[in-house]
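Below: the structure, in C-alpha cells.
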Amino acid sequence: MLKVIIIDDEKIILKGMMKIINWESLGYTIIGAYTNVSLAINKALENPPDVIITDIVMPGKDGLELIRILKEKLPSIKFIVLSAYDLFEYARKALKYGAYRYMLKPIDKNELIEILNEIRYLEKRNEQDLPHNQIMDDLISDTNTINEVIKYITTNYRKKELKLNSIAEKYYINYSYLSFMFKKVTGVNFNEYLLNIRMEEAKKLLVNTNLSIKEIARYVGYSGKNFFPAFKKQFGISPNALRKELKQEKEKIG
C-alpha cells in the first residue's frame, strides 16, 4: 500500500477527501490528515508518505512552503496540490517547487483516481527496476491489450452492466492499472469513452429511426432517467430537440 497524508485547514474538506474514494481499492492507505502545515511536516518526517495531497492557501505556512521544505528532505514524495484559485501563478509556483499535479476545487473524483492510478503505476515500475527495453516491450503489450478492450467495449456498449471492473476481470488485469493504461492510450477515461460511444449511437438513432426516446435509451445501455441528463451534458440539448433539429437539417439536404 502507498501511504498518503492529506492537508487542508478546513476539517470538512479533510473528511470529504477521506471518503471521496475507496483508497484501499486503489492501493493506498491514509496515514494522516491534518489542518496544520507545521504538524504535517513533522509527521511526514517521522513517517514519510509516498503521496501528500495538500491545499495551497492556508494560514501560517501554506502548501507551497510545505512542498519546498519536504522536497529537500524527502524528494521522492509525490505532491498533489489542491486550490480553489484558478490562477496561473499558484500553479507555476507549485510545479516549480516540485508538485506532481495541480487540481482545482471542488475535486473531480475521476480526475483524482486517474492521478493516483498514474502514481501507483510509476511506483510499481520503479520498484521493478526493469531495463528500458523490457519497459518498452511491456508498454507495447499493454497497448495491444487496451486495443482489445476497446474492441470489446465497441461490441458490448449496449450492456447496462458494462463496467471497467468487470472488463479488468475478463482480461485478468488489475483494475487500477487498466484505468491508467486506458486513459494513457485513448486520452480519456473509461466512463468518458463509453459515454461518447453511447451518445453518438443515440444521435444516429434519433435521426435515422422512429424509435421513442425511451427505446433509444434502452438500446444504448441506459435505464430509467439517467439517459436524459447524460445526453444533455454531451450535446447541450434534449434528445427531442436534437431529433427535431437533425431531421430538419436532413430534409434540407435531401
**Prompt:** Among all residue pairs at least 6 apart or on different chains, which show Cβ distances below 9 Å where the first residue, located in region 187-206, is among the polar types (S, T, N, Q) and the second is surrounded by fewer than 18 Cβ atoms within 10 Å (Cβ to Cβ) and assigned to a loop (DSSP other than H, G, I, E, B)?
**Reply:** Asn196/Val188
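Looking only at region 1-18, which residues are touching a helix residue (DSSP H, G or I) at 6+ places or on another chain (Cβ under 8 Å) and of a type in the set (A, V, I, L, M, F, W, C)?
Within region 1-18, the subset touching a helix residue (DSSP H, G or I) at 6+ places or on another chain (Cβ under 8 Å) is 1-2, 5-8.
Scanning region 1-18 gives Met1, Leu2, Ile5, Ile6, Ile7.
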**Prompt:** Going through region 194-212 one residue at a time, which ones are buried (at least 17 other Cβ atoms within 10 Å of the Cβ) and touching a Leu at 6+ places or on another chain (Cβ under 8 Å)?
**Reply:** Leu194, Lys203, Leu205, Leu206
**Item:** Conditions (1) farther than 19 Å from Asp108 by Cβ; (2) modelled with pLDDT of 90 or more: number failed by Lys93
**Value:** (2)
**Asked** Looking at this structure, is Ile41 hydrophobic (A, V, I, L, M, F, W, C), farther than 16 Å from Met103 by Cβ and at pLDDT below 95?
**Response** no
**Fill in**
Considering region 1-47, residues that are more than 24 Å from Ile173 (Cα to Cα) and of a type in the set (Gly, Ala, Ser), and then whichever is surrounded by the most Cβ atoms within 10 Å (Cβ to Cβ), we arrive at Ala40
**Complete:** Picking from Ser76, Ser38, Ser25, the residue that is outside any loop (DSSP other than H, G, I, E, B) and in contact (Cβ under 8 Å) with a residue 24 or more places away in the chain would be Ser25
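The values are calculated or read from the model by the stated rules, or taken from the named source; none is laboratory data. Everything quoted here is computed from the prediction, not taken from an experiment. Here the Cβ is made from the backbone with ideal geometry for all residues, glycine too, and neighbour counts use every protein chain on show.
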